[in-house]
Amino acid sequence: MSDTRAAVASARSIVVKIGSSALTSLVGGLDVGRLNLLADALEARMRAGSDVVVVSSGAVGAGLAPLGLTRRPQDLATKQAAASVGQLALAHAWGTSFARYGRTVGQVLLTADDIARRTQHRNAQRTLDRLRALHAVAIVNENDTVATTELRFGDNDRLAALVAHLVGADALVLLSDVDGLYDGDPRKGAANLIPEVNSPEDLDGVVAGSGGALGTGGMASKLSAARLAADSGVPVLLTAASDAATALTTADSGTVFAARPHRMSARKFWVRHAADAQGAIHLDAGAVRAVVERRRSLLPAGVTAVTGRFHGGDVVALVGPDEVPVARGVVAYDSSEIEDMLGHSTVELPEDMHRPVVHADDLVAL
């Protein structure tokens, strides 16, 4: 067994994402039988001593049949209506299933804004931590009833990766209708399973497709989420929901993604992956080298321009002379203040402007 599979198999804290196709169908809606089998596998993992957080897709799919809809709606209002019906059914089904084992379920609905804003981010973290401390099973989903196009995670794969870092999980398991990562689409001809991804080079030549009829993800989103989680220090297993029992015991199925050696701090992860950039600060070539290569703080002498309006404490993009973002960071000044500081050395500025524009501790290179 590889080190990565061993890490997933022995993880004391784990986030498990379950795709829409594993729980629902266009004709019958929510499949309680399949949900019960998944709950059985999750319960076995918890009885083995692991904390488990479930990220469950399927709200929109669960709401289609009760509303007489035969396909996933395209307009936002109908999606939200289906989600409002489906979320209730989905939460009830998970609650009923885990009640067989005497477990309590708590539903946590999140929008991208809850992760992007530091205060909501920390509140979500505390809620999930407290549910685990009280031995309740947290069932997390995107709040499709209120999320708009601008405030969506895009898919629950990305949400699961963010939650895995949010709760400090030791591993992430992505369960769907595919049994691993292939170097092509296995439905369209010969394709080879990639059992382990240890570096970006292992993904050379891989072609990933978009989602199916019930979901918004697909292999492209799963690959993106797996790389996001692995980059933050969380090992990932991608496999089929039908292999859940194996995935949650020996981890001997699907594709595993090795984690980076050192886990990114919660603050730096939030800056890099979760927060919305409120504007941009443009750097000269020397400042880019200082920020990216030497991991130094950004000083006003290296700033050439400011784009957008933001305030001290906001996350901003740092852009090089070629207009390509090179880093993100928490800015110390309002955009109007930085405009007065452009190109000046620290000694040329008033004493209350001697702080770096972005401190190295609040800066993440891309």
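The values are calculated or read from the model by the stated rules, or taken from the named source; none is laboratory data. Computed from a predicted structure; not experimentally measured. Cβ atoms come from the backbone with ideal geometry, glycine included; neighbour counts cover every protein chain shown. Just the protein is used for accessible areas: all its heavy atoms, side chains included, with ligands, DNA and RNA removed. Shrake-Rupley method; radii C 1.70, N 1.55, O 1.52, S 1.80 Å.
Tell me, which residue of the stretch 1-59 that is of a type in the set (S, T, N, Q) and closer than 15 Å to Ser97 by Cα is modelled with the lowest pLDDT?
Ser56
I'm trying to understand the selection: among the residues of the stretch 10-23, which are open to solvent by less than 30 Å² (accessible area, probe 1.4 Å) and part of a helix (DSSP H, G or I)?
Residues satisfying the conditions are Ser20, Ala22.
If Arg355 meets every condition in (1) of a type outside the set (S, T, N, Q); (2) assigned to a helix (DSSP H, G or I); (3) open to solvent by 40 Å² or more (accessible area, probe 1.4 Å) apart from one, which number is that one?
The one condition Arg355 does not meet is (2).
Could you tell me which residue of the stretch 179-191 is nearest to Ser25 (Cα to Cα), considering only residues that are modelled with pLDDT of 85 or more and in a loop (DSSP other than H, G, I, E, B)?
Among those residues, the one meeting the criterion is Asp179.
Yes or no, residue by residue, for (1) of a type in the set (Ser, Thr, Tyr); (2) closer than 17 Å to Val15 by Cα; (3) without any contact (Cβ under 8 Å) to a residue 24 or more places away in the chain:
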residue	(1), (2), (3)
Ser224	yes, yes, no
Val236	no, yes, no
Ala245	no, yes, no
Ala259	no, yes, no
Ala266	no, yes, no
Ala274	no, no, no
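Scan the helices (runs of 4 or more DSSP H) fully inside the stretch 24-128 and keep the ones with 1 or more residues being open to solvent by less than 50 Å² (accessible area, probe 1.4 Å), among the aliphatic types (A, V, I, L, M) and touching an Asp or Glu at 6+ places or on another chain (Cβ under 7 Å).
Qualifying helices (runs of 4 or more DSSP H): 59-64, 76-99, 112-116.
Under the condition of being over 17 Å from Asp362 (Cα atoms) and not aliphatic (A, V, I, L, M), which residue from the stretch 303-334 is surrounded by the most Cβ atoms within 10 Å (Cβ to Cβ)?
Gly320
Would you point out the residue of the stretch 335-352, among those that are β-branched (Val, Ile, Thr) and open to solvent by less than 70 Å² (accessible area, probe 1.4 Å), that is modelled with the highest pLDDT?
That would be Ile338.
Quick check on the stretch 331-348. Is at least one of its residues polar (S, T, N, Q), farther than 26 Å from His121 by Cβ and not in a helix (DSSP H, G or I)?
Yes, some residue in the stretch 331-348 is polar (S, T, N, Q), farther than 26 Å from His121 by Cβ and not in a helix (DSSP H, G or I).
Out of Gln80, Gln120, I need the residue that is modelled with pLDDT under 90 and in contact with a Ser or Thr (Cβ under 7 Å, 6 or more places away or on another chain). Which one?
Matching residue, one of Gln80, Gln120: Gln80.
Name the residue that is farthest from Leu238 (Cα to Cα), counting only residues in the stretch 168-178 that are out of contact with any Ser or Thr (no Cβ under 7 Å at 6 or more places or on another chain) and at pLDDT 90 or above.
Residue satisfying both the conditions and the ranking: Ala171.
Being of a type in the set (A, V, I, L, M, F, W, C) and either open to solvent by 10 Å² or more (accessible area, probe 1.4 Å) or outside any loop (DSSP other than H, G, I, E, B) (or both) is the filter; apply it to the stretch 225-236 and report the residue that is nearest to Leu38 (Cα to Cα).
It comes out as Val236.
Cβ contacts < 6 Å: first residue closer than 10 Å to Gly254 by Cβ, restricted to the stretch 173-191; second residue open to solvent by 50 Å² or more (accessible area, probe 1.4 Å), any location; separation 6+ or different chain. Result?
Gly180/Leu193
Does any residue of the stretch 176-183 turn out to be open to solvent by less than 60 Å² (accessible area, probe 1.4 Å), within 20 Å of the chain's Cα centre (by Cα) and hydroxyl-bearing (Ser, Thr, Tyr)?
Within the stretch 176-183, one or more residues are open to solvent by less than 60 Å² (accessible area, probe 1.4 Å), within 20 Å of the chain's Cα centre (by Cα) and hydroxyl-bearing (Ser, Thr, Tyr).
Those residues that are among the polar types (S, T, N, Q) and touching a helix residue (DSSP H, G or I) at 6+ places or on another chain (Cβ under 8 Å), I need them from the stretch 307-344; list them, please.
none
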